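This report refers to the structure that appears directly beneath it.
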Amino acid sequence: DKPLLKLEDVEIAFSSPDEADIVAVRQVDLTLAAGKTLCLVGESGCGKSVTARAILRLLDANAVISRGRILFCPPGEEAVDIAALEPNSLPMRKIRGNKVSMIFQEPMSSLSPVHTIGDQIDEMIMLHEGLKPKEARERTVSLLDQVGIPGPRERADAYPFQLSGGLRQRAMIAMALSCTPNLLIADEPTTALDVTTQAQILDLLKKLQDDYGMAMLFITHDLGVVAEIADDVAVMYLGDVVEQGNVFDVFRAPRHPYTQALMRSIPTIARKSERQRLSPIKGTVPSAKDRPEGCAFTSRCPHAFEPCTGRQPGRTPIGGNHVARCHLLTEDRLEAEVPA
Ligand code: SF4
Ligand code: MG
């Protein structure tokens, strides 16, 4: 079976008037099967959002997909290379409006403040399914109900500002589902919410994923969220996917020093009291402009040795779909680290 989404050797570059192009994301290979969840995880600025926006061809004007393919293959259809489409072409607009939707941390980036949520969702449904206003409203009410908005028929007449943060997030999810997408891209959708609402929204997304059979590409910097929802995980650092695979394999025995450091920085219940003493990762992520030659993690890696600064490590298969990029692995010098 062809995967729903396959990124092959994707590179994304930003141009600037007075400097050389900056490669923000390089050599990215990702695979997402229909109905599954892939989490992209990493610190801010590592290229997660840029990668997601490239899939929808919603990159800023100064950014280009400078290499690679983004193959999208909904069930029963031919694969399309999204990287080869014009961002505003009809085929791309069809994918964007009908097959792939996106939700964000901030619901107001997809909801209009001047229309009721019901009118906005009705309009999407009429556009995509050619329904009449009355039928569209019935479907809107049922969507609002499915996303857990109480009193959906009355709430449909509310403006976004009249809803709480959690309900607005739910309204945005209803909007994203209105086209029954094959793929939902979720960029930190729970980051701004309190812990309880966050858990409720994650549960809701898991339930909707089952009901709709849609795949999710879920972007987060929170490994707890990854553990909750991922089938597969890809760990990004400064534009590179440094480790990826089945979430169970990667979490049980992370092989890349960066993943190992991330895992150590999560407070477990037993270690919560030690939270203050746990040192996460020393130093900060350099900007993509100052990416070290060779391995991008060199400037922060406690294991860096001589080949690291010279060339970028290749991919080492660990087993199953688990892969990591680190010179220690090719030289067999790094043992799997099992987090306590
Ligand atoms: Fe550290 Fe070298 Fe491995 Fe990079 S390649 S993660 S610098 S040991
Ligand atoms: Mg981001």
Practice task
Confirm whether Leu111 is within 16 Å of ligand 2 (Cβ to nearest atom), of a type in the set (A, V, I, L, M) and in a loop (DSSP other than H, G, I, E, B).
Solution key: no
Problem - Counted residues, region 144-184 - those being among the polar types (S, T, N, Q), touching a residue at least 60 places away in the same chain (Cβ under 8 Å) and not in a loop (DSSP other than H, G, I, E, B) - result: 2
Practice task
Collect the residues in region 104-130 that are free of Cβ contacts under 8 Å to residues at least 60 places away in the same chain, within 22 Å of Leu58 (Cβ to Cβ) and charged (D, E, K, R), keeping them in residue-number order.
Solution key: Glu123
Problem - Counted residues, region 11-47 - those being charged (D, E, K, R), at pLDDT below 95 and farther than 15 Å from Arg291 by Cβ - result: 1
Practice task
Read through the list (1) touching a residue at least 24 places away in the same chain (Cβ under 8 Å); (2) at positive phi, then give the number of the only condition that Leu193 fails.
Solution key: (2)
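Please give the strands (runs of 3 or more DSSP E) falling wholly within region 1-93 in which 1 or more residues are assigned by TED's automatic domain parsing to the domain that holds Val226, in contact with a Ser or Thr (Cβ under 7 Å, 6 or more places away or on another chain) and under 30 Å from Ile281 (Cα atoms).
Details: elements: 5-16, 19-32, 37-41, 63-72.
Where strands (runs of 3 or more DSSP E) fall fully within region 1-93 and carry at least 1 residues being assigned by TED's automatic domain parsing to the domain that holds Val226, in contact with a Ser or Thr (Cβ under 7 Å, 6 or more places away or on another chain) and under 30 Å from Ile281 (Cα atoms), they are 5-16, 19-32, 37-41.
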Practice task
Please specify each residue of region 29-46 satisfying the condition of being surrounded by 24 or more Cβ atoms within 10 Å (Cβ to Cβ) and near ligand 2 (Cβ under 10 Å from one of its atoms).
Solution key: Leu40, Gly42, Cys46
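Take the conditions in contact with a Ser or Thr (Cβ under 7 Å, 6 or more places away or on another chain), in the same structural domain as Leu205 (by TED's automatic domain parsing) and under 11 Å from Ser178 (Cα atoms) and apply them to Leu127. Does it pass?
Working: in contact with a Ser or Thr (Cβ under 7 Å, 6 or more places away or on another chain): no; in the same structural domain as Leu205 (by TED's automatic domain parsing): yes; under 11 Å from Ser178 (Cα atoms): yes.
Taking the combined requirement at face value, the residue does not satisfy it.
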Exercise for the section: Please find, within region 50-81, the residue that is nearest to Gly97 (Cα to Cα) out of those that are in contact with a helix residue (DSSP H, G or I) (Cβ under 9 Å, 6 or more places away or on another chain) and among the basic types (Lys, Arg). Expected result: Arg57
Handout entry: Residues within region 184-224 that are crowded, with 22+ Cβ neighbours inside 10 Å and not polar (S, T, N, Q), tallied
Key = 11
Handout entry: Test: residue in region 127-143 that is in a strand (DSSP E or B) and crowded, with 22+ Cβ neighbours inside 10 Å
Key = no
Completion exercise
If we keep only residues of region 282-311 that are part of a helix (DSSP H, G or I) and either aliphatic (A, V, I, L, M) or within 22 Å of Ser265 (Cα to Cα) (or both), then the residue nearest to ligand 1 (Cβ to nearest atom) is Thr298
Practice task
Tell me, please, whether a residue that is within 30 Å of Glu228 (Cβ to Cβ) and within 16 Å of ligand 2 (Cβ to nearest atom) can be found in region 59-81.
Solution key: yes
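The values are calculated or read from the model by the stated rules, or taken from the named source; none is laboratory data. Computed from a predicted model, the values in this text were never measured in an experiment. Quick reminder, even Gly has a Cβ in these numbers, built from the backbone with ideal geometry, and neighbours come from all protein chains shown.
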